[in-house]
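We did not get these values from a lab; they are worked out from the coordinates using the rules stated. If you're wondering where the values come from, they're calculated on a predicted model, not measured in any experiment. When we count neighbours, we look across all protein chains shown, and the Cβ atoms used for this are built from the backbone with ideal geometry, even at glycine.
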Amino acid sequence: MFAVKRLSKARAYFIIKYMFYCITGKVIHYEEGKLVVQAGGVGYELLVSNNALIRLGKTGLECTVYTELSVTQDDVRLFGFYSKEEKNMFRKLTSVSGVGGKMALQILSSADVSMLAVAIVSGDTATISKVKGIGKKTAERIILELKEQVSDAVAASGAVADIPVLSEEKQGGVAADAIAALISLGISKTDAYSAVAAAMKKTDKLEQIITLALRSFDR
């Protein structure tokens, strides 16, 4: 007889949290902040941002929604996102002390992912503090903690000086900030470099570069 070990609460939570990566199905209901997707005979209620609702909130739409399961002692919530980048931004926001899932969705509802990435990289507290329930101190903490993560990610992946697809004069400044923002959203170093290089052929504005780069990853 083999002994079956009971899973610890922490282990069980880890397994449950990463069970759902995405859900592909048909939208059967939507309302402010919520989306219901039917897949395999099951209707999944997802908490979503306004930006996700704008893109996915259409009854009968066949779509893939990326998900994040939040399990606490008092509640279980399934969050939904229109892209991998939005999901990655949600994870980064909720990693900041004092920022929960509800607040992260409010932030994601106030601006799209590219605008938030620009705000974090450029230290723009004004954009984030416009969100209801977020003061200047919270905005500063979000930028401080996430900007450090971005810097670490860029350092770990190598300096921007080795970008073969960008000229030397474009390897710093705006290009570096755009690449840092994309890497912070979970995009690989190589893909980020290539996307920024392509975008910079059309514009030299940071927000527009990131927007164009993200569009190139749309599936």
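Which whole-Hz couplings ³J(HN,Hα) result when phi for each residue of the range 127-143 is put into the Karplus expression 6.51 cos²θ - 1.76 cosθ + 1.60, θ = phi - 60°, listed in order with x for Gly and Pro?
Per-residue couplings from phi come out as 4, 6, 6, 6, 5, 4, x, 10, x, 4, 5, 5, 4, 5, 5, 4, 5 Hz.
Determine Rg/Rh for the range 172-219; Rg is computed over alpha-carbon atoms and Rh is the Kirkwood hydrodynamic estimate from the same atoms. Don't skip to the answer; put the middle values down first.
On the way: Rg = 9.2 Å, Rh = 10.1 Å.
We get a ratio of 0.91 for the range 172-219.
Using the beta-carbon distance between Thr72 and Gln208 and R0 = 30 Å, what value does 1/(1 + (r/R0)^6) give for FRET efficiency, to the nearest 0.05?
Working: r = 39 Å, r/R0 = 1.30.
The formula returns an efficiency of 0.15 here.
Relative to the Cα centre, what is the charge dipole magnitude of the range 85-145, using +1 at the beta carbon of each Lys and Arg, -1 at the beta carbon of each Asp and Glu, and rounding to the nearest 20 debye? Each step should come with its number before you reach the end.
Values: 9 positive and 6 negative charges, 55 e Å.
It works out to roughly 260 debye.
Which percent of Cα pairs goes in each bin when the distances of the range 9-82 are cut into 10 angstrom slices starting at zero?
Spelled out bin by bin, the range 9-82 gives 21, 52, 23, 5 percent.
Ordered by packing density, taken as the mean number of other Cβ atoms within 10 Å over each peptide's residues, highest first, how do 212-218, 195-201, 94-100 rank?
Working: 212-218: 16.4, 195-201: 19.7, 94-100: 14.4.
Ranking the peptides 212-218, 195-201, 94-100 by packing returns 195-201, 212-218, 94-100.
First obtain the Kirkwood hydrodynamic radius of the range 85-145 from its Cα pairs, then insert it into the Stokes-Einstein equation at 25 °C and 0.890 mPa s, and state the resulting D in µm² per second as a whole number.
In µm²/s, the coefficient is 222.
Looking at the range 65-124, which trypsin sites (Lys or Arg not before Pro) are DSSP coil and have at most 12 other C-beta atoms within 10 Å of their C-beta? Could you put the intermediate results ahead of the total?
Details: sites: Arg77, Lys84, Lys87, Arg91, Lys92, Lys102; in loops: none.
Filter output for the range 65-124: empty list.
What's the magnitude of the charge dipole for the range 36-85 around its Cα centre, counting Lys and Arg as +1 and Asp and Glu as -1 at the beta-carbon? Answer in Debye, nearest 20. Before the final figure, lay out each step's value.
Working: 4 positive and 6 negative charges, 45 e Å.
The dipole magnitude comes to about 220 debye.
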